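Shown next, in structure tokens, is the structure this report addresses.
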Amino acid sequence: MTRESDGTTDFGFETVAIGEKQARVNDVFRSVARRYDLMNDLMSAGLHRTWKSILVSMLRPPKNRPFRHLDVAGGTGDVAFRILEAGGPQTSVTVLDINGDMLSVGRERASGRYGGPIAFVAGNAEALPVEDRSLDGYTIAFGIRNVPRIDLALAEAHRVLKPGGRFLCLEFSKVDVPGLDAVYDAYSFNVIPALGGAVAGDADSYRYLVESIRRFPAPARFARMIGEAGFARVAHRPLTGGVVPIHSAWKI
Ligand SMILES: C[S@@+](CC[C@H](N)C(=O)[O-])C[C@H]1O[C@@H](n2cnc3c(N)ncnc32)[C@H](O)[C@@H]1O
């Protein structure tokens, strides 16, 4: 989390200058982009697919009217593809990500499956290249904890949504259930970096991903940050024993 007083923030368990974090995060996703989807399946035993489908079922893109959606930190397109499948012919989705390597994989996956209603755009969640009050929906899945200035990203989400627009965020959380927390920690700190080393050739990047979950604010605190950005009806729904909360809010 950003410490405004001394200009530092977390990069996993390290403390770095805020200005340094994004470059470090970009190195992580540049390194893992080609193996990112396979690793998600292996690390979560396919569960990330269910979590993303639940996110989209909460968004409920309409079948019979225009719906303009932005999936921020959209990476290889998983959430965007599900929104297009759930929506109607007037649903359009922009996948925005700061990392060109992740977007390249997304474009390849989309080609042949989806045409006009999907766009892949390079951009920063902290300064969206999007007009004020122009979108019906905003999602960010497993992205917000990588963004150096979370408060700026939330303010941008609020700026670009129309009144009545929906904000949804899927993010990992620490587990507080006694017993499950020890199992989760053992799996996270031992199995995931080893898997990252074997499959993606990069244990350090997966160590960062695990550590960054531990540094991300607890759901109640993150919900307060969403409210401070101006959102209303802020709520969170725990999935899989609290491993993954979905945060939901509205711009009114
Ligand atoms: C763990 S991946 C999530 C990808 C995808 N949403 C999913 O659920 O599979 C995190 C993504 O956040 C992107 N990211 C990190 N910092 C960002 C920023 N400041 N603005 C936009 N995207 C960012 C990374 O490039 C990466 O693609």
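Quick notes on this one:
- Single unsatisfied condition, Lys52 versus (1) part of a loop (DSSP other than H, G, I, E, B); (2) touching an Asp or Glu at 6+ places or on another chain (Cβ under 8 Å); (3) not polar (S, T, N, Q): (1)
Conditions tested, residue by residue: (1) more than 8 Å from the ligand (Cβ to nearest atom); (2) assigned to a helix (DSSP H, G or I); (3) at pLDDT below 95.
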residue	(1), (2), (3)
Arg34	yes, yes, no
Met58	yes, yes, no
Arg65	yes, no, no
Asp71	no, no, no
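- No other residue among Val199, Val244 is surrounded by 20 or more Cβ atoms within 10 Å (Cβ to Cβ) and closer than 21 Å to His48 by Cβ apart from Val244.
- Among the residues of segment 228-252, those identified as under 18 Å from Val177 (Cα atoms), part of a strand (DSSP E or B) and not basic (Lys, Arg) are His236, Pro238, Leu239, Val244, Pro245, Ile246.
- Here Arg107 meets each of (1) part of a helix (DSSP H, G or I); (2) out of contact with any strand residue (DSSP E or B) (no Cβ under 8 Å at 6 or more places or on another chain) with one exception, condition (2).
- Scan of segment 88-104 for residues that are part of a loop (DSSP other than H, G, I, E, B) and either more than 6 Å from the ligand (Cβ to nearest atom) or not β-branched (Val, Ile, Thr) (or both), ordered by number: Gly88, Pro89, Gln90, Asn99
- Residue pairs whose Cβ atoms lie under 8 Å apart, sitting 6 or more positions apart in sequence or on different chains, and linking a residue in segment 93-122 that is over 20 Å from Lys63 (Cα atoms) to a partner that is among the hydroxyl-bearing types (Ser, Thr, Tyr), are Met102/Tyr36; Met102/Thr76; Val105/Tyr36; Val105/Thr76; Gly106/Thr76; Arg109/Thr76; Phe120/Thr94; Val121/Thr94.
- Here segment 1-58 is the region considered, the condition is being under 21 Å from Ser173 (Cα atoms) and in contact with a Gly (Cβ under 8 Å, 6 or more places away or on another chain), and the residue that is surrounded by the fewest Cβ atoms within 10 Å (Cβ to Cβ) is Tyr36.
- Val79 passes every criterion in (1) away from the ligand (no atom under 11 Å from the Cβ); (2) buried (at least 21 other Cβ atoms within 10 Å of the Cβ); (3) not in a loop (DSSP other than H, G, I, E, B) apart from (1).
The values are calculated or read from the model by the stated rules, or taken from the named source; none is laboratory data. Worth saying up front: this structure is predicted, and the values here are computed from it rather than measured. Methodologically, a virtual Cβ is constructed for each residue, glycine included, from the backbone with ideal geometry; neighbour enumeration extends over all protein chains shown.
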